[in-house]
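Report on the following structure.
Where a number appears in this text, it was derived from the coordinates with a stated rule and is not lab data. Computed from a predicted structure; not experimentally measured. Backbone-built Cβ (ideal geometry, glycine too); neighbour counts: all protein chains shown.
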């Protein structure tokens, strides 16, 4: 991302609708690279629209990479990809790992370069919902959180500022070593971490990819090469500390 | 205001269409605005082809490289999805004996012509003999294409007045096929013979045909200058320029074009096509053809009016461009329907815009 007066990957603006309508109902339009691909929405959700627009751009218009719905962290030059659908505890794990010495890449996107098979960082604020807000808040009294808001699905959410080291090193890519599919199951004990067949890992990543269909054969070969080179696991946990310990021993040098 | 700096730059795109080498002299920022304009004007495939021949600013920053990679992937995806739909149509028609011809964008892709490169095709247009319409509907229906919901007015509009049946949408892929039995509406003053188009159509794959070169150009011209909305049609003029350049290499093309324009009654659109392609893009047309096409021109006052209207609708056409665009829009309806019908139809369409859509 870049400032508006310095062009970059995307130019995103939110502008008010003109015309008589604005008198009784202010509306906000998303402008992406000069085009308005979506219908205007009420102006009071402009902030959420902006975040959604950035995600839309990265998911649909960053076709130099295969983008997968995943959190990514890195340690000792090796990246850990945590891929799951929303609600599986991905962001919570990611925030906890970032607070435990891993470098935060993203809580939302694994951006895999098809030519190098490295992952590009996209260190943006980590979005935490409901009980995760308190879980992470207790662990990181020094971390900076946004004011609490209510999202479109009526969930409480906050944003956690990404560690400054992650932001400073945003241009440093890393090669993935582990691909983990986490699943939070309330009350689950013990935590299990089990190897996953690579063919299954491939299908799961394809399922979680935003732009697989755009990329044609390069999408397939990239994801196939990625799972071939990585260790693939399924993680089921009910306790965050247990999950961190399991990931720690799995990734121990 | 800052946001206008971020708008797609149609002026630079138009400049690049006339002089592709100008792309190399742009800054990275100007280049990406021109690329946004190309995307918007459905010319991304053309733009990517220019990049592939090295027409890109030197010392491009990394973000521009990523934008270019995205453009290249999108263009490839557009063309791949058209080819897939063509493949599905071939399968639907295979062995049926129905003669079907791919028109316009999908036709350019199937024939491997330059305007088909990285082409984004919203609707696949095909031409079938009028007698085969019921069978075609049945074949497409069997392959997953269905009619959407239509009110009686829409149905009557298509069935009685138009040269196509209502659009058929694939129930899974949402791809749209427009089935035509002629290249201009039933109600149009010009009535080019579809039989003549079928006779001369050329193979482009298994049981698949595209229009003969002269017919392809004349169809493009008729669509642009007789039937369609000229506003925002820079893509269509680029098509004509590229087709004329490619087919014009064969000496036999030009006499064909003149003969077929006369035979199909499309000399006036042909005149406009040659005139504006030359004017905008310097399309090479032999002197003898220019001389001959002068006989197809409208009376001088009408020609001057048309020049003024068309020039205002091209990118950067000035403040009158919206009025000019609407005038040309009304004109296209004037040409395709009798006057009273035009008045009723346009009134109905503008009223409909204020009705909430379901």
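Sorting the Cα pairs of segment B:2-60 by distance into bins of 10 Å, from 0 upward, gives 26, 60, 13, 0 percent per bin. Considering only the Cα atoms of segment B:157-244, their convex hull presents on average a projected area of 7.3 nm². The packing ranking, built from the mean of other Cβ atoms within 10 Å per residue, places the peptides A:215-221, A:153-159, B:163-169 in the order B:163-169, A:215-221, A:153-159, highest first.
Sorting the segments A:41-48, A:57-64 by their residues' average number of neighbouring beta-carbon atoms within 10 angstrom, most packed first, yields A:57-64, A:41-48.
Solvent-free Debye calculation, one equal scatterer per alpha-carbon of the protein assembly as shown: log10 I(q)/I(0) at 0.06, 0.10 Å⁻¹ equals -0.41, -1.01. Would you list the P(r) distribution for segment A:115-194, with all Cα-Cα distances sorted into 5 Å bins from 0 and each bin expressed as a whole %? Result returned by the calculation: 3, 11, 15, 16, 19, 19, 13, 4, 0.
Given axes a ≥ b ≥ c from the Cα gyration tensor, I'd like to know whether segment B:198-316 is rounded (a/c under 1.5), prolate (a/b larger than b/c) or oblate.
Numbers: a/c = 1.75, a/b = 1.44, b/c = 1.22.
Since a/c reaches 1.5 and a/b is larger than b/c, the shape of segment B:198-316 is classed as prolate.
The mean number of partner chain beta-carbon atoms within 10 angstrom of a residue's beta-carbon across peptide B:58-70 is 4. If you run the Gaussian network model on chain A, springs between alpha carbon atoms under 10 Å, then out of A:13, A:243, A:70 the most flexible one is A:13. Just checking the listed ones, A:195, A:37, A:125: in the Gaussian network model of chain A with Cα springs under 10 Å, the one fluctuating most is A:37.
In the protein assembly as shown, helices alone account for a calculated mean residue ellipticity at 222 nm of -13500 deg cm²/dmol, with every DSSP H run of four or more residues adding -39,500 (n - 2.57).
Rounded to the nearest 10 degrees, the angle from helix A:240-250 to the longest Cα principal axis of chain A is 60 degrees.
Label segment A:74-113 by shape, choosing from rounded, prolate and oblate, from the square roots a ≥ b ≥ c of the eigenvalues of the Cα gyration tensor; if a/c is under 1.5 it is rounded, and otherwise prolate applies when a/b is larger than b/c, oblate when it is not. Please list the in-between numbers first.
Numbers: a/c = 2.40, a/b = 1.18, b/c = 2.03.
Since a/c reaches 1.5 but b/c is at least a/b, the shape of segment A:74-113 is classed as oblate.
With respect to chain A, whose longest principal axis is taken over its alpha-carbon atoms, helix A:90-99 is tilted by about 70°.
Both radii were evaluated on the Cα set of segment A:154-253; the Rg over Rh quotient, with Rh as the Kirkwood radius, amounts to 1.01.
When each of the peptides B:292-303, B:59-70 is scored by how many other beta carbons lie within 10 Å of its residues on average, the order from highest to lowest is B:59-70, B:292-303.
For the protein assembly as shown, what is the percent of antiparallel DSSP beta bridges, rounded to the nearest 5?
On the way: 48 of 67 bridges.
In the protein assembly as shown, DSSP labels about 70 percent of beta bridges as antiparallel.
Taking a ≥ b ≥ c as the square roots of the eigenvalues of the Cα gyration tensor, segment A:65-250 is prolate, since a/c reaches 1.5 or more and a/b is larger than b/c.
Each principal axis of segment B:78-211 carries a Cα extent, and these read 37, 35, 28 Å when sorted largest first.
Computed from Cα positions, the angle between helix A:217-229 and the longest principal axis of chain A comes to roughly 40 degrees.
Partner chain Cβ atoms within 10 Å, averaged over the residues of A:61-68 - can you pull that number for me? Please list the in-between numbers first.
Working: counts 6, 5, 10, 11, 3, 0, 0, 0.
Mean shielding by partner chains, rounded to a whole number: 4.
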